[in-house]
Number of protein chains: 2
Amino acid sequence: MSYDFYYWPKIQGRGEFVRLALEQMGANYTDVARKKGGMEKMRAIVAGDAVGALPFAPPFLKDGDLIIAQVANILAYLGPRHGLVPADEANRIWAHQLQLTVTDLVQESHDTHHPVSTALYYEDQIEEAKRCTERFLELRVPKYLSYFERVVARNRYESGTLIGADITYPDLSLFQCVAGLRFAFPNTMTRIESDYPHVIALHDKVINLTNIAAYLTSERRLSFNEYGVFRHYPELDA
Amino acid sequence: MSYDFYYWPKIQGRGEFVRLALEQMGANYTDVARKKGGMEKMRAIVAGDAVGALPFAPPFLKDGDLIIAQVANILAYLGPRHGLVPADEANRIWAHQLQLTVTDLVQESHDTHHPVSTALYYEDQIEEAKRCTERFLELRVPKYLSYFERVVARNRYESGTLIGADITYPDLSLFQCVAGLRFAFPNTMTRIESDYPHVIALHDKVINLTNIAAYLTSERRLSFNEYGVFRHYPELDA
């Protein structure tokens, strides 16, 4: 089985949540837009040249004739096929709920540097970004991290993961959120991380998974930069 | 089968997308927080008093012992059980993708009046809201509506719906988006609606479904107001 994965080739962005899952499952996949001619293929699918499901935007996954867009939707498809979520329905629903909560955190993280519009440069909305980020770091990051902290603490398997006894795809996504928040807001994260010991321990558990560790040191892992979801603007990190 | 549905009792908000589905499927459900003592029950579950899945926030659905949060997750659960989505996997994935795209539109609609922070009053971010809304109405609403327009136009069943031959849950949600955008931005919608004839025809098809029509004229349907996702502030609707 081989997947074609489509996302912007120069950023981690939302696509990284899918890349991490593909890597952890050891999947055979092509990161299409990073290959020669790949951007044209991606644009053609978004333009509607393929039959069937029309993506609103990247990322999307192609598995044979099936095109699947939206990160959480892709992960809900891949998870059960590769053992990255328990097999029973209740846990699959629970994993998806957690993933959609990650989606919300990712959206709010992105909004910190583009609170007015993605159609404007950051430089044209710095003052709004400062106001937005101040409250994001004071109120929202603690709300999300304390939520995930409670979820890990409540897991009756005491596995240090969000769900059940093993690693599931939302664990990988939560790792990416912690890594992204650390990149974007190092001062804030240094100050608050000790409030979320389970979340940080889970981050460390994920970073040491054999496949993830190999991925993170490979050239397949792009660096964080100022074009993705998580961006480091020192003026926003008080 | 009877469901307990939990959401804020005074607004349509995100919960309305679930209410519309429950109504269309003729489900037996209780809108718990609108009953006496219901708010306390809702708060207790968010506080973690129930075993199992912990919601980050309302809305959530309780079906026996199963607690399901996040609108799109709830709809993905209900859809196949009540014939509001085709039975095959490809169409269920497609429906969910469309629903997650609706989720993004809803989030952006909410951000227009709260671009800085949900922790601040609208009155404390009016100038930012004006800047944000201007671009939302100029760029984002047309992008979303033209996307859904294309999806209906491409449906090879020529049913006037998003997927297949019949009404599915994303159709109900798209109806709610059109109704909400009309409430919030009547001038803009009057000006642009004719660009999206399939979307408007689908809105009209949904509003005339027997169960939906009965719901919309019942007291179960709350009014749009200035506390939900879609809010009418004349200064934002040029």
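The values are calculated or read from the model by the stated rules, or taken from the named source; none is laboratory data. Since the model is a prediction, treat every value here as computed from it, not as a measurement. Counting neighbours? That spans all protein chains shown, and the Cβs are built from the backbone with ideal geometry, glycine included.
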- Item | Members of region A:100-113 found to be under 18 Å from B:Ile74 (Cβ atoms) and either more than 9 Å from chain B (Cβ to nearest Cβ) or of a type in the set (Phe, Trp, Tyr) (or both), listed by number | A:Val102
- Message: Restricting to region B:63-77, and then to whatever is touching a Phe, Trp or Tyr at 6+ places or on another chain (Cβ under 9 Å) and surrounded by fewer than 23 Cβ atoms within 10 Å (Cβ to Cβ), can you tell me which residue is farthest from A:Val102 (Cα to Cα)?
- Response: B:Asp63
- Message: Kindly evaluate B:Arg131 against the criterion of being in a helix (DSSP H, G or I), basic (Lys, Arg) and more than 11 Å from chain A (Cβ to nearest Cβ).
- Response: no
- Taking B:Val116, is it within 9 Å of chain A (Cβ to nearest Cβ) and not in a helix (DSSP H, G or I)? yes
- Query: Looking at region A:127-179, which of the residues that are over 27 Å from A:His114 (Cα atoms) and among the acidic types (Asp, Glu) is surrounded by the most Cβ atoms within 10 Å (Cβ to Cβ)?
  - Reply: A:Glu149
- Query: Can you name every residue in region A:180-210 that is in a helix (DSSP H, G or I), touching a helix residue (DSSP H, G or I) at 6+ places or on another chain (Cβ under 8 Å) and over 23 Å from A:Glu158 (Cα atoms)?
  - Reply: A:Gly180, A:Leu181, A:Arg182, A:Ala184, A:Thr188, A:Met189, A:Ile192
- Residue by residue through region A:19-74, note down the ones that are more than 14 Å from chain B (Cβ to nearest Cβ) and part of a strand (DSSP E or B). A:Asn28, A:Tyr29, A:Thr30, A:Asp31
- Task: Show the residue pairs that are 6+ apart or on different chains and have beta-carbon atoms under 6 Å apart, the first residue being within region A:110-124 and touching a residue at least 12 places away in the same chain (Cβ under 8 Å), the second being among the polar types (S, T, N, Q) and in a loop (DSSP other than H, G, I, E, B).
- Result: A:Val116/A:Gln125
- Task: Report whether or not A:Val116 is aliphatic (A, V, I, L, M) and within 23 Å of B:Gln99 (Cα to Cα).
- Result: no
- Conditions (1) out of contact with any helix residue (DSSP H, G or I) (no Cβ under 9 Å at 6 or more places or on another chain); (2) in a loop (DSSP other than H, G, I, E, B): number failed by A:Thr161: (1)
- Which one is surrounded by the fewest Cβ atoms within 10 Å (Cβ to Cβ), of the residues in region B:5-44 that are more than 22 Å from B:Leu100 (Cβ to Cβ) and in contact with a strand residue (DSSP E or B) (Cβ under 7 Å, 6 or more places away or on another chain)? B:Asn28
- Item | For A:Phe136: the one exception among (1) within 19 Å of the chain's Cα centre (by Cα); (2) within 10 Å of chain B (Cβ to nearest Cβ); (3) part of a loop (DSSP other than H, G, I, E, B) | (3)
- Query: Is there any pair linking a residue in region A:4-23 that is over 15 Å from A:Asp171 (Cβ atoms) to one that is among the small types (Gly, Ala, Ser) and crowded, with 24+ Cβ neighbours inside 10 Å, with Cβ under 6 Å and at least six apart or on different chains, and which?
  - Reply: A:Tyr7/A:Gly15
- Task: Restrict the check to region A:183-193 and report whether at least one residue is small (Gly, Ala, Ser) and surrounded by fewer than 20 Cβ atoms within 10 Å (Cβ to Cβ).
- Result: no
- Query: Within the bounds of region A:75-84, is there any residue that is assigned to a loop (DSSP other than H, G, I, E, B) and modelled with pLDDT under 95?
  - Reply: no
